[in-house]
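First comes the structure, then the notes that go with it.
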């Protein structure tokens, strides 16, 4: 679309010509001219085409070939030449269509021709006006293009950063889960095939929903699959997963895998929940606010200390994702003690 306003060609010329006649129409209506619109079109077609040509050359050739290249002297010189040519063409054209165009009457009603200085001053003023309009039009179009390019670059940057963060997230989860499956396989556990099936379903969701928005209901189902995997590992684990939302609220959209780092933390670092210290997860929706909280017991062995840096990296990645997707619309809090980990995340799902 930008090229239609700035690149020479038939479509470009016709588009700018339509804009020109649209401006003539508006000017004629606002001027409350006693003449008919047909007369105004005929008049401006005869006498104002040099004005259009001046603006057209400024927009298409003079400004982009000098101003954008920071060639100030060239820009001034070409603009001055364009003004001189414009004055000459205007004089010839106006005199052709109306021989008395540059004549006036004195106080005694005697017709006389305007002096060269007055004609020059008159046409110079007119030329400067249309040069200003040409510059204004081109600079506005360029500004719109620049802002549009900035937005596109920013969007592409965000997509690239999210892709990097997403690629960091998936291997992290993969590492966590395969460690558990490996342990089950060493023990020749009968639950190993079920664990692999749950893992397959989980990765099908991750691959299918990568980069898309999902409903909260979809994300909850994904969390349930992860928790099912935890129950396969620890059949006696006590897990409380509460959802405070109605069916309509469950259809709200959210970026996928926002809650997964906390669930992964349970799978990797957590001890199986017990009646005394259960794994507690809550998702609550209040209008456009989504609240997620989790509290789980954690291992107190040296393993937790060794893996603490991985956990911190996962939280940093999550923080970055939230800043990109929900800027100034989220609250994230975490707390660790010797035997528990808790997290709170609140997201405003609309501006």
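The values are calculated or read from the model by the stated rules, or taken from the named source; none is laboratory data. A quick note: this is a predicted structure, and the numbers were derived from the prediction, not measured. Every residue, glycine among them, receives a Cβ derived from its backbone with ideal geometry; neighbour counts consider all protein chains shown.
Quick notes
- The lone criterion from (1) assigned to a helix (DSSP H, G or I); (2) touching a helix residue (DSSP H, G or I) at 6+ places or on another chain (Cβ under 6 Å) left unmet by residue 101 is number (1).
- Residue match in region 31-38 (condition: at pLDDT 85 or above, over 34 Å from the mean Cα position of the chain (by Cα) and assigned to a helix (DSSP H, G or I)): yes
- The set of residues in region 241-263 that are without any contact (Cβ under 8 Å) to a residue 60 or more places away in the chain and surrounded by 12 or more Cβ atoms within 10 Å (Cβ to Cβ) comprises 241, 243, 245, 249, 250, 251, 256, 263.
- Test for residue 100: is it at pLDDT below 85 and more than 23 Å from residue 132 (Cβ to Cβ): no
- Only one entry in 128, 119, 153 is more than 19 Å from residue 86 (Cα to Cα) and either surrounded by 10 or more Cβ atoms within 10 Å (Cβ to Cβ) or out of contact with any helix residue (DSSP H, G or I) (no Cβ under 8 Å at 6 or more places or on another chain) (or both), namely 153.
- The listed residue being assigned to a helix (DSSP H, G or I) and either surrounded by 14 or more Cβ atoms within 10 Å (Cβ to Cβ) or out of contact with any helix residue (DSSP H, G or I) (no Cβ under 9 Å at 6 or more places or on another chain) (or both), out of 16, 73: 16
- Residue match in region 311-323 (condition: over 21 Å from residue 198 (Cα atoms), touching a strand residue (DSSP E or B) at 6+ places or on another chain (Cβ under 6 Å) and either surrounded by 16 or more Cβ atoms within 10 Å (Cβ to Cβ) or at pLDDT 85 or above (or both)): yes
- Some residue of region 56-64 being exposed (fewer than 15 other Cβ atoms within 10 Å of the Cβ) and either touching a residue at least 40 places away in the same chain (Cβ under 8 Å) or within 18 Å of residue 129 (Cα to Cα) (or both): yes
- Flag for residue 338 being part of a loop (DSSP other than H, G, I, E, B), modelled with pLDDT under 85 and either surrounded by fewer than 16 Cβ atoms within 10 Å (Cβ to Cβ) or out of contact with any strand residue (DSSP E or B) (no Cβ under 8 Å at 6 or more places or on another chain) (or both): yes
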